[in-house]
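The values are calculated or read from the model by the stated rules, or taken from the named source; none is laboratory data. For clarity, every value in this text was computed on a predicted model and none was experimentally measured. Quick reminder, even Gly has a Cβ in these numbers, built from the backbone with ideal geometry, and neighbours come from all protein chains shown.
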């Protein structure tokens, strides 16, 4: 079952009937695969659970303080109770799939095989408001039979399958599954003790009955080749979990979960031994002796960690770094199955595995792990520690620590302006009218010190049914520092509207820098252009605004000083369309210009208006490692228009705010100094400095 939709139970019922007909009218067992099932409709989860459970609660919904209990119970009629069941789950099994697997497990109706599930047990309702905003409110949680909470806990499998990989590019044998779960999300909801009935002495997450380390097959490159033919829809392929579940059910003589687990003990042990042998052989091919031996003598592990790829002790974003762990046995006895796993607050350096195997007295071995540092990483320092483990726990005190310092790449800083070119698909006045198909031009400039690697411009329709986007994305590729390019996006106004709401976004797919803003475009009644080629001179003091369209509520794209000569090719009522040196067209009010007299030379110039950009923060990089309880951050914030405010977060706490409204403006815009002392806590601190227009 991939998800719980309105037809899930009907499809399950039909499929069970087909299986019965195919197998002579009866089933010997059922494997229910809920892996990577994100959930769906609660009523369908209840119906599926009820199909296999004759009595008792299936799911309990409780509000705050264990009030307003709503119990959904099973019914004896229509229950399939004549064959054993196995349920497959993993970290992608959430919500409704956890309700089903929890009900079947807690009623001892099915054996659960796989990994700990996601842990989504909260109930939300959505309240819509007249201003088109909404509030999503958590009002309750789901409990499985026995009043066991799912929230941030999940369903623990009876048979835990720990996927392992062994290859030259990386080894994963010992660390926890890295799949994100509810408990890993920021500000996730917790249930104290993991259940409403738990006591402090009870574990929040029960242990599996058995755990099997499974050597996952290497990824097949052909699987991602779109030219490879897909398997027929009816083709079924056994993977490790499915085969284990099948064999467990095939030998089952009872429907009871505890009895099935007890009777399958030899099967689980045999499969675990087979997988262990495969891992040993794989490591042996890489020069690691993963054999076992009796404890003896007094082994001693001396461990060190070196970093390759750091220049001057600093790792540059976008470059690979090699961590080399070296262990020497300076004792008198051999070490068996020696390995180490890293611990770090940075996911890049967390749960890295170094495998050494057998290490006799006087022997040493090194293991390399290569990490590619992302291009978009910010300046940071991370502590990394490595602890050793071995078969006989003779090295539990051995540990090595280091600090990795990373420097960011020079980043782009985008500015933009927009205009409507409707000369080919409309009347040419730079403003929207019903039925027009327009080119939406976005002029982008990189004001930052670094180049954009993969610059993209996109246009999103914000809830307007009148707009049909024909081409909503344009890719620039590389946009060097100081360079400018124009994106051409296309849309059509198909229905009447007073205005159109859109969102313009510009970002670099590699470096993560972005600029996004919601805009509103006016829609005017249709009007015809009057073609008239002539020259006009800017007359109004202190200058003439040149608009992006023939309307007062279109953005100003340039300013013409008094005396500047402009070439006009069309008029729209009180507006004249003029040509700019950039190749674009703009619009001026007819009252702001006059016909040039005599042979006077142009006395003024046309200057493009400042493009829209986020304030530019320039900060001196403070020390990334300190023993002080505070940190001083200094620099300057600038903008060509205005700055609303500046604020600072340390981790998730706002520690500083200052309004910058009313700063004096010069020809270069506005600027303000930044000099802030920030409180720090012991450990990792993430500092975010933000300024708004």
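Structure summary
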item	result
Conditions (1) under 17 Å from residue 154 (Cβ atoms); (2) at pLDDT below 95: number failed by residue 99	(2)
The lone exception for residue 582 - which of (1) over 12 Å from residue 544 (Cβ atoms); (2) surrounded by fewer than 19 Cβ atoms within 10 Å (Cβ to Cβ); (3) modelled with pLDDT of 90 or more it fails	(3)
The listed residue being modelled with pLDDT under 70, in a loop (DSSP other than H, G, I, E, B) and under 28 Å from residue 108 (Cα atoms), out of 198, 207	198
Strands (runs of 3 or more DSSP E) wholly inside the stretch 422-479 containing at least 2 residues that are in contact with a helix residue (DSSP H, G or I) (Cβ under 7 Å, 6 or more places away or on another chain) and surrounded by fewer than 22 Cβ atoms within 10 Å (Cβ to Cβ)	none
Filtered residue count, the stretch 384-406, keeping only those that are under 30 Å from the mean Cα position of the chain (by Cα) and crowded, with 20+ Cβ neighbours inside 10 Å	4
Qualifying residue in the stretch 639-652 (condition: touching a strand residue (DSSP E or B) at 6+ places or on another chain (Cβ under 8 Å), surrounded by 14 or more Cβ atoms within 10 Å (Cβ to Cβ) and over 27 Å from residue 506 (Cβ atoms))	yes
Selection within the stretch 127-145 - surrounded by 17 or more Cβ atoms within 10 Å (Cβ to Cβ) and in a loop (DSSP other than H, G, I, E, B)	145
Failed item, numbered, when residue 80 is tested on (1) crowded, with 24+ Cβ neighbours inside 10 Å; (2) within 13 Å of residue 29 (Cβ to Cβ)	(1)
Qualifying residue in the stretch 125-138 (condition: touching a residue at least 60 places away in the same chain (Cβ under 8 Å) and in contact with a strand residue (DSSP E or B) (Cβ under 6 Å, 6 or more places away or on another chain))	no
Residue ID - surrounded by the fewest Cβ atoms within 10 Å (Cβ to Cβ), chosen from residues in the stretch 104-126 that are over 26 Å from the mean Cα position of the chain (by Cα) and part of a strand (DSSP E or B)	111
Scope the stretch 269-317; condition touching a strand residue (DSSP E or B) at 6+ places or on another chain (Cβ under 8 Å), over 21 Å from residue 393 (Cα atoms) and assigned to a loop (DSSP other than H, G, I, E, B); matching residues	286, 309, 310, 313, 317
